[in-house]
Amino acid sequence: MVNADALAGGYVVARQFTRANFIPLKSSLVPSDAASRARKIRPDATVDSLTWLRPVRPWWALIVLVGLLLVSALFSIPPIRDAATMERVAEAELVRSAGYVLLAPLLNVFDLLTLLSVRQHIALLITLFIGYALWWRWRGRVMPPTVTPARRAARVVARVGLALLAVLAVYFGGALLPRPMAAIEVQPNIVAIDFHAHTRFSHDGRPDWTPEDVRTWHRKAGFDAAYVSDHRTFEGARDGWSNNPDLAGQGVSLLPAIEVVWKGEHVNVLDADRMYRGIFNATLRDIDEDALRLASSVAGNEPVLIETLPGDLSRMIPARGPGTMGVRAIELIDGAPRGLGQVRRERARILKLADSLDLALVAGSNHHGWGHTATGWTLMSLPGWRGETPERLAFIIAATIRRGGHGTTRVVERYVADTESGIALPFTVPLVAWGMLRTLSVEERIAWLAWGVALFLLSRLKMLRRRGA
Ligand SMILES: [Zn+2]
């Protein structure tokens with residue numbers, strides 16, 4: 001039996017949970033014709049238990065945001081740290097321009113995405129997928145049984161497809177859109193170096209990524225010098241070299257190097273074109289070991305080889321002192337997602353190897369033209385470097401590493417929560433998001449708050465308009 005009161009009661013319950021009341025913003029990605037409007041009627045008990053919350057309901061997103069910004073400020077940490085000791089770096093700080101701060105919520109997220117390892121990306125995508133599915137259930141978007149299988153499939157494809165497009169748009173936006181970058185600022189006698197960068201001349205480089213783009217990218221990230229280390233070619237390095245400033249302190253110097261294979265491992269060879277052209281095979285892909293041994297036999301002239309990541313550290317061949325051939329430096333930062341992952345898993349091993357084998361620790365962006373976030377910087381204290389020519393700077397850097405080895409460099413990294421393994425991995429999204437919030441500057445917090453308030457007001461305005469209509 002159905003009576004009028006019961007129907008009226010049901011109507012009231014349904015009214016209370018209309019979209020306009022419950023969701024301040026229309027957040028569905030699926031157009032209304034693709035989404036079923038059938039919704040579950042919630043039991044009265046749920047309604048009663050939520051009644052007291054009703055006055056704050058439109059405010060909840062803003063309240064959560066303010067809470068997160070305040071609480072994370074209590075646990076704030078510097079956005080950069082020494083990648084070996086994990087401690088604060090006194091001689092450098094991360095500077096965010098006014099343009100960066102203005103767009104902080106967007107750029108912080110883009111930066112965070114660039115700092116994730118392969119595993120963290122996978123954890124993020126799985127979390128998004130699960131969250132999206134749960135959200136659909138929570139919204140009560142259950143398709144009625146009358147929907148034909150064909151239409152049902154089309155709707156599922158629309159739901160998943162549009163969500164995938166949205167995720168891809170964020171990833172591509174982060175990788176391709178030109179934007180302000182967070183930059184390191186160092187004391188005058190320190191030079192900030194990237195030991196590993198690619199141009200369009202690498203087969204896997206972004207097709208339009210010229211050496212001058214490389215220079216601009218590095219200037220925006222606060223680098224003073226960057227080694228162009230393409231695969232199998234010196235073209236990018238030569239182009240960059242020809243446009244270098246007269247003095248190293250006047251701009252970003254692009255210094256020549258090459259990334260080659262030696263016994264299966266990828267190594268970067270500094271100053272390869274001008275000084276060690278003869279140690280490679282004809283295709284510039286591999287090292288000719290006899291030639292390398294010969295070039296390395298003269299103390300003070302040994303080619304400086306850098307072990308890059310990801311790599312098999314057990315296959316690395318270290319130099320054993322003056323006049324011997326081998327690796328003299330190792331990446332503690334490699335900006336590629338696979339490299340970032342290996343460092344987080346094997347940091348202790350890399351540090352131990354560097355210490356026991358007297359290898360300099362360096363940062364390499366391994367940047368191929370995508371993304372606008374520097375993951376790490378190599379700092380070297382070279383008093384007077386600003387008045388030297390780029391050529392002389394390259395000589396001094398190589399000579400310092402050759403002679404001094406471990407301890408001649410300091411690697412600084414952007415902080416990101418380490419969820420690479422164990423129980424932390426499934427919780428990557430909340431942990432890295434929390435880590436990002438902790439690193440925000442006061443200005444960035446204000447920007448986040450301003451954006452939050454603006455979006456909140458916009459949603460209220462939309463709601464009021466809808467009610468008025
Ligand atoms: Zn590379």
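Observations
- Qualifying residue in segment 281-289 (condition: among the charged types (D, E, K, R) and at pLDDT 95 or above): no
- Meets criteria (under 25 Å from R96 (Cα atoms), at pLDDT 95 or above and of a type outside the set (F, W, Y)) for V260: no
- Scan of segment 304-318 for residues that are of a type outside the set (S, T, Y), assigned to a loop (DSSP other than H, G, I, E, B) and within 23 Å of H367 (Cα to Cα), ordered by number: V304, L309, P310, G311, D312, M316
- Matching entry among G339, G335, G364 (being within 16 Å of the ligand (Cβ to nearest atom), small (G, A, S) and without any contact (Cβ under 8 Å) to a residue 40 or more places away in the chain): G339
Conditions (1) buried (at least 24 other Cβ atoms within 10 Å of the Cβ); (2) within 16 Å of the ligand (Cβ to nearest atom); (3) touching a residue at least 40 places away in the same chain (Cβ under 8 Å), marked per residue:
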site: P178; (1), (2), (3): no, no, yes
site: E185; (1), (2), (3): no, no, yes
site: I190; (1), (2), (3): no, no, yes
site: R219; (1), (2), (3): no, no, no
site: G240; (1), (2), (3): yes, yes, yes
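- Residues (out of contact with any Pro (no Cβ under 7 Å at 6 or more places or on another chain) and either among the small types (G, A, S) or in a loop (DSSP other than H, G, I, E, B) (or both)) located in segment 215-242: A221, G222, F223, D224, A225, A226, S229, D230, R232, T233, S242
- Residue that is nearest to D312 (Cα to Cα) [pool: residues in segment 222-238 that are out of contact with any Ser or Thr (no Cβ under 7 Å at 6 or more places or on another chain) and surrounded by fewer than 24 Cβ atoms within 10 Å (Cβ to Cβ)]: T233
- Taking the listed residues P207, P211, the one that is closer than 26 Å to D271 by Cα, away from the ligand (no atom under 16 Å from the Cβ) and not charged (D, E, K, R) is P207, with no other qualifying.
- Checked against (1) out of contact with any Leu (no Cβ under 7 Å at 6 or more places or on another chain); (2) among the hydrophobic types (A, V, I, L, M, F, W, C); (3) over 21 Å from Y415 (Cβ atoms); (4) within 16 Å of the ligand (Cβ to nearest atom), F195 meets all criteria but (3).
- In summary, L353 fulfils each of the numbered conditions (1) within 16 Å of F195 (Cβ to Cβ); (2) in contact with a helix residue (DSSP H, G or I) (Cβ under 9 Å, 6 or more places away or on another chain); (3) touching a residue at least 40 places away in the same chain (Cβ under 8 Å) with the single exception of condition (1).
- Looking only at residues in segment 258-290 that are more than 14 Å from the ligand (Cβ to nearest atom) and assigned to a helix (DSSP H, G or I), the one that is surrounded by the most Cβ atoms within 10 Å (Cβ to Cβ) is I279.
Condition check ((1) within 16 Å of the ligand (Cβ to nearest atom); (2) in a loop (DSSP other than H, G, I, E, B); (3) in contact (Cβ under 8 Å) with a residue 40 or more places away in the chain; (4) buried (at least 22 other Cβ atoms within 10 Å of the Cβ)) across all residues:
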{"position": "D246", "(1), (2), (3), (4)": "no, yes, yes, no"}
{"position": "L254", "(1), (2), (3), (4)": "yes, no, yes, yes"}
{"position": "A295", "(1), (2), (3), (4)": "no, no, no, no"}
{"position": "A299", "(1), (2), (3), (4)": "no, yes, no, no"}
{"position": "R320", "(1), (2), (3), (4)": "no, yes, no, no"}
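- Search result, residues across segment 189-205 that are at pLDDT 95 or above and of a type outside the set (G, A, S): N189, I190, V191, I193, D194, F195, H196, H198, T199, R200, F201
- For segment 370-403, a residue qualifies if it is out of contact with any strand residue (DSSP E or B) (no Cβ under 8 Å at 6 or more places or on another chain), at pLDDT 95 or above and either within 16 Å of the ligand (Cβ to nearest atom) or among the polar types (S, T, N, Q) (or both), and exactly one does: T389.
- Evaluating R159 against the criteria (1) at pLDDT below 95; (2) within 16 Å of the ligand (Cβ to nearest atom); (3) surrounded by 19 or more Cβ atoms within 10 Å (Cβ to Cβ) leaves one unmet condition, (2).
- Residue match in segment 104-116 (condition: in contact with a Gly (Cβ under 8 Å, 6 or more places away or on another chain), modelled with pLDDT of 95 or more, among the aromatic types (F, W, Y) and surrounded by 17 or more Cβ atoms within 10 Å (Cβ to Cβ)): yes
- Under the condition of being closer than 15 Å to H218 by Cβ and over 21 Å from the mean Cα position of the chain (by Cα), the residues counted in segment 182-207 number 2.
- Looking across segment 92-105, just one residue is under 14 Å from P178 (Cα atoms) and either in contact with a helix residue (DSSP H, G or I) (Cβ under 6 Å, 6 or more places away or on another chain) or free of Cβ contacts under 8 Å to residues at least 12 places away in the same chain (or both), and that is Y100.
The values are calculated or read from the model by the stated rules, or taken from the named source; none is laboratory data. As the structure is a prediction and not an experimental result, all values here were calculated from the model. All Cβ positions, glycine included, derive from the backbone under ideal geometry; neighbour counts span all protein chains shown.
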